[in-house]
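Every number here is computed from the coordinates shown, using simple stated rules; none is lab data. Owing to the predicted nature of the structure, the values given are computational and were not obtained by experimental measurement. Virtual Cβ from ideal backbone geometry, glycine too; neighbours counted across all protein chains shown.
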Amino acid sequence: MNPAEQQAHRTKTAQLEARVKHGKFRHDGNTALRWHASNVVVRQRSDGSLVTEKEHSDSPNKIDAIDAILNAINGWIRQPSVAPKAFQMLVF
């Protein structure tokens, strides 16, 4: 990742962490999202930033739903005027 991508990843990961800690992140109990969340490993870098990743790079366990949420947060961060007060994921 280049420095700009690293900063964007730090920002969106910190935003998700803050919303989870303060009860401002909700989802509908979707089993796939719960499964992907249980597979995520959060590592803290020396600069204090958080990085989400799989336990091992060749792990068959998926974390795609968490990556999708982080990408959505990144889009939200770029357009703060339309920011919701809480995230809610609905899967049909």
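Descriptive notes on the structure:
- Only residues that are polar (S, T, N, Q), more than 19 Å from GLU5 (Cβ to Cβ) and touching a helix residue (DSSP H, G or I) at 6+ places or on another chain (Cβ under 9 Å) were counted in region 15-61, giving 4.
- Selection count, region 1-18, where residues are crowded, with 16+ Cβ neighbours inside 10 Å and either touching a strand residue (DSSP E or B) at 6+ places or on another chain (Cβ under 8 Å) or of a type in the set (Gly, Ala, Ser) (or both): 5
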